[in-house]
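Worksheet for the structure shown next.
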Amino acid sequence: MVDTGRSVGNNGGAAGSNRPVWLQQYDLIGKIGEGTYGLVFLARTKSQPNRGKCIAIKKFKQSKDGDGVSPTAIREIMLLREISHENVVKLVNVHINPADMSLYLAFDYAEHDLYEIIRHHREKVSHSINPYTVKSLLWQLLNGLNYLHSNWIIHRDLKPSNILVMGEGEEQGVVKIADFGLARIYQAPLKPLSDNGVVVTIWYRAPELLLGSKHYTSAVDMWAVGCIFAELLTLKPLFQGVEVKAPANPFQLDQLDKIFKVLGHPTPEKWPTLVSLPHWQSDQQHIQGHKYESPGLHNVVHLPQKQPAYDLLSKMLEYDPKKRLTAAQALDHEYFRNDPLPGHNALVPCQSGEKVVNYPARPVDTTTDFEGTTSVQPPQSVSSGNAVAASMVTTRPMQRPMNMMNMPRMPPGVASFNLASQANMAGGMHPGGIPMQRGPGMPPHQQQQLRRKDPGMGMTGYPPSQKSRRF
Amino acid sequence: MEDSAASAAVSLSSLLCTETESFLDESEDESELFNFNSDDCNLPDTHEYITMLVDREKSSFGIHGSSEVHEWLKCARLDAIKWILEKRAFFGLRFRTAYLSVSYFDRFLSKKCIDNEQSWAIGLLSIACLSIAVKMEECSIPALTEFLVEHYYFESKVIQRMELLILNTLDWRMCSVTPFNYLHYFITKISDKSRPRDLAFRAVEFIFAMAKEFGLLDHKPSAIAAAAIFAALDKELTREMIELKMSLISSCGSQRNEEVLSCYSLMQDIDVEKFEVPEYVISPDLSTIRSSFGNFNEDSAITSVVVGKKRRRLRFDDSDQNCESEKDKQH
């Protein structure tokens, strides 16, 4: 699954004809995401068998000089190699650019994410997300999360922009959990969130973390799911605290205050370990000073308290992480057994007559090249669909006919990292010469069955499927 | 040369003793391993966790077979492990980190060959394996340039290329299960000793003693962990006693007994104290043992006993590819 961009006659340089070979497998379409981790690009596969398939390519920022391969990249790729599930993004390739040793991850592209879907409803559509779609999205999110948790993986950064939804194609409307940059497997130690140099939004952060707990459990993900559930219902973030920007994971009082306003104050009676949390003890005046008596969650989410949806939501937003619903328990909840039943294609309700909302694809910045520098090429628009999809009526703002030219067939799969390429890479090795020979029994190339996601990978390229299977 | 070699020699026992207090204080994570006061093991999901690990290791161990290993490589490997343990002590890293480094080292060499006498490549491999393990496991990560090996200086870029070569060669599957995942759980199940911490330390010694003697790919981590605890408890346990204790670790299943017995027999012949003896203490007939313990039986246990007693210091004039000659060529 790993490609080293071995190239003859070029050095894996930057743009144009000097592109490394691995990059020549793709038509770059544009940039679809950016974060502290690096950049995410949308590209199209040129070669068979997946010609025209959209791929999201995440380029890791180069680590600081002298630090070697970035720990975030190692942990994220390692984790993605371990997991394979329908509701988790699929990593299809890892590319190493030999010239500068930068790392690129290629994922199946998911065209939508919950952030854009929610925003579309809030700003462009006058009605809320239909109940079938909300339930299907939530069910699939929990299904993926249950898989992760049962494999001892905690995501730690669930938020709407990290929950992807596949566009047209055979996986249309399928949720993919993405972005495992902060995820944890087994019992590996965790850095405090702020130490990773990653800004994690506080809106989805569990109260035990806000109160200074260093003990992560899978319950932190369930809190985030509760927040996301509420946001799907109301189209607004549930707890929109104002973040204190400071190094070293500062105390986020406003975020806690927002939570307390809606859920009422936590009490040691209901949450026994509360008293042992650092900030609860150290900042009693502020935290325990305000008292919010009447919990108003049902008012905020406009749900009658006797509805299963409300019951499920309130159990995900349980203060005590030990009492908070687990993903497995949530999947068993009555809410998912009532009509409308959750479906495989969250975007297209089974019931005839239901209005199908055409969600826009995420915006693509077509002026940025793989180096992250802005190019002068004229902006292109992009289509989520292939030739078949293009014939459908769609509201996607950016359309580009698929390139139907016959592309040269690419070498199958990915060249494994062999010593020839290493020879190329190791040009600067200190003690000269290439000391290693290829040993016997190199395993056959394995397609990576991983998933990962980022603010921005979408995918298309399959014939659209209108069937909406039920689970 | 003797001096540098002597300084490179590591006494695991002394490392453990001198560091006990500091890592308990400084490293929350390591203290998990040695803290037996908590009720962690009574959590209902601990059993599930162990079961998941056992399932996971099934797919990645015991499939490698012991290929012929050159004598110089065995020596180089031993030096590499000593260096890794030394760095572990120096930087206050977790035992698990050191163990993972060695497992990367072994897995890499099971897939790629390093030519005879390329001792610089072993040095580079050691640095890069440790660096990757540190990035996987540790919160505080030393700069690459702090991982100095003797005789060679590697630029960061070179180390980074080596890291990438290792990551690629191992298919980015860096999250191996290690005996340390099991140690705490097994001790609470197996041992009724009043001082489980001491037992844990002794078991850690056996785990690394085992790692030095044999490749890490031939035994399942759960079997190594269990055997190390038995060896630390008592080196004269009978088969029946071990089987009785094994029944306490239900997650491992009875089919695990043979593997544990096999590891235990090997450990019976390792005197961890002997690792205080300076450099180059190796078993010259290692390959004999390795080839026979694929299908372990009583005979190979006896073989290993004999070999264990034959441990000796290899000398300069020992045949072609021993450690001394390898060291010598570095100069």
Members of A:Lys59/A:Lys135; A:Lys322/B:Lys245; A:Lys59/A:Lys159; A:Lys31/A:Lys90; B:Lys58/B:Lys245; A:Lys53/A:Lys176 lying beyond 26 Å, as alpha-carbon distances in this model show:
A:Lys59/A:Lys135; A:Lys322/B:Lys245
Listed by chain and number, the residues whose amide H is under 5 Å from that of A:Asn93, excluding neighbours fewer than 5 places away on the same chain and using placed H, are A:Ala106
Determine how large the accessible area of A:Val300 is when every protein chain is in place; take a 1.4 Å probe and give Å² rounded to the nearest 10.
60
Taking both sides together, what accessible area is buried at the A/B interface, probe 1.4 Å, expressed in Å² and rounded to the nearest 100?
4800
Segments B:195-202, B:132-139 sorted - mean Cβ within 10 Å per residue, highest first
B:132-139, B:195-202
Can you compute 3J(HN,Hα) from phi for each residue in segment A:61-69, using the Karplus curve 6.51 cos²θ - 1.76 cosθ + 1.60 with θ = phi - 60°, rounded to whole Hz and x for Gly and Pro?
4, 4, 5, 4, 4, x, 9, x, 5
Taking the dipole of segment A:112-336 about the Cα centre (Lys, Arg +1; Asp, Glu -1; charges at Cβ), the one of A:Leu164, A:Ala224, A:Thr273 that reaches farthest to the positive side is A:Thr273
Averaged over B:171-179, how many beta carbons belonging to a partner chain fall within 10 Å of each residue's beta carbon?
6
Once Lys and Arg are counted +1 and Asp and Glu -1 for all other residues with Cβ under 12 Å from that of A:Val300, the total becomes +2
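Would you mind estimating how fast segment A:112-336 diffuses translationally, via Stokes-Einstein at 20 °C and 1.002 mPa s with the Kirkwood radius over Cα pairs, in µm²/s?
It comes out at roughly 119 µm²/s.
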Taking the mean number of other Cβ atoms within 10 Å as a proxy for protection, how do you rank B:179-190, A:253-264, A:118-129, A:333-344 from highest to lowest?
B:179-190, A:253-264, A:333-344, A:118-129
Ignoring everything but the protein chains, give the 1.4 Å probe accessible area of B:Cys263 in square angstrom, nearest 10.
0
Order by accessible surface, 1.4 Å probe, largest leading, for residues A:Asp365, A:Asp108 comes to A:Asp365, A:Asp108
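Averaged across A:74-81, how many Cβ atoms of other chains sit within 10 Å of each residue's Cβ atom?
5
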List the residues of segment B:95-112 for which accessible area in the full set of protein chains is at least 30 Å² lower than for the chain on its own; 1.4 Å probe, protein heavy atoms only.
B:Lys111, B:Lys112
Would you tell me the accessible area of A:Leu277, worked out with a 1.4 angstrom probe on the heavy atoms of the protein chains, in Å² to the nearest 10?
20
With a 1.4 Å probe and every protein chain kept in, tell me what percent of the accessible surface of segment B:136-240 is carbon plus sulfur.
46
Within 10 Å of each Cβ of A:144-156, how many other protein chain Cβ atoms are there on average?
1
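The values are calculated or read from the model by the stated rules, or taken from the named source; none is laboratory data. No experiment lies behind these values; they were computed from the predicted model shown. Ideal geometry is used to build each Cβ from the backbone, glycine not excepted, and the neighbour counts take in all protein chains shown. What goes into the accessible areas is simple: the full protein's heavy atoms, side chains included, and nothing from ligands, DNA or RNA. Shrake-Rupley method; radii C 1.70, N 1.55, O 1.52, S 1.80 Å.
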